[in-house]
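Taken together, the values in this text are just the output of simple stated rules run on the coordinates, not laboratory data. None of the values given here were measured: they were computed from a predicted structure. Cβ sites come from the backbone with ideal geometry, for glycine too, and all protein chains shown count toward neighbours.
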Amino acid sequence: MKAKIFRESFKGKSIGRTMMNLHLSGFTLDGDILDLGGGLSPSYMRFIKMGACIVHTVDLNPPDGGIKADLEDKLPLPSGFCNSVLCMNLLEHIYNHKELVSEAHRLLKPGGLMLCCTPFMVHYHPNPHDYYRYTKDALYKMFTDVGFNVEEIRYIGLGPCSLLSENMWPFVP
């Protein structure tokens with residue numbers, strides 16, 4: 001694991017981003033996947049195991065073939081559109097985050113899965129804005145309030161070394 005973190009760091013990723021990516025390698029997704037704010041070729045896609053699936057990227061400025069939408073408003077997709085929703089390092093950039101979480105719940109098919117990662121102890125990184133840092137309690141309440149069954153909220157990279165390394169590295173989008 002340490003060797004993987006070291007190799008990924010040389011690809012320009014922060015320790016926090018690298019640890020998130022490696023954590024995602026434990027998930028396998030199938031069917032329609034909605035990637036909120038994923039942009040063009042996000043690094044985490046290399047780590048998630050993909051079955052038979054189609055990835056739909058939704059963003060204000062999506063890559064070719066993506067869905068153009070303001071992530072702070074109702075999304076232009078039918079309810080039950082997808083099997084999985086990805087929300088990676090996005091939530092802290094969304095001021096109207098409750099609407100986005102509610103929309104993600106609406107768009108999931110029954111029994112669907114949402115994977116969401118958001119930093120807690122990380123430097124200010126506007127892209128174009130940076131609004132929030134969430135505690136475990138806030139995340140749990142935010143997701144259960146709209147109807148999600150929260151199976152797990154996991155901290156990735158606890159400890160002073162993680163914090164120091166995260167804040168010493170430049171922001172890499």
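Gain in length, residue 7 to residue 125, computed as 0.36 nm per residue apart minus the alpha-carbon separation, to one decimal in nm?
Gain on stretching residue 7 to residue 125: 40.1 nm.
Run down the aspartates and glutamates and flag those whose C-alpha is under 12 Å from the C-alpha of residue 13, throwing out any fewer than 8 positions away in its chain.
166
Which FRET efficiency value, to the nearest 0.05, do you get for residue 68 and residue 46 by plugging their Cβ-Cβ distance into 1/(1 + (r/R0)^6) with R0 = 30 Å?
Taking R0 as 30 Å, the efficiency between residue 68 and residue 46 is 0.75.
Which one, 117, 36, 56, is farthest towards the positive end of the dipole of the chain when Lys and Arg carry +1 and Asp and Glu -1 on their Cβ?
My answer, from the dipole projection, is 117.
In a shell of Cβ-Cβ distance under 11 Å around residue 55, excluding residue 55 itself, what net charge do Lys and Arg (+1) and Asp and Glu (-1) give?
Neighbour charge sum, excluding residue 55 itself: -2.
With mean projected area of the Cα convex hull in nm² as the read-out, I listed (1) 12.6; (2) 9.7; (3) 10.3; which label goes with the value calculated from this structure?
This structure yields the entry labelled (2).
Which value in deg cm²/dmol, rounded to the nearest 500, describes the helix-derived mean residue ellipticity at 222 nm for the chain, given -39,500 (n - 2.57) per DSSP H run of n ≥ 4 and division by the residue count?
Using -39500 (n - 2.57) per qualifying helix, the result is -8000 deg cm²/dmol.
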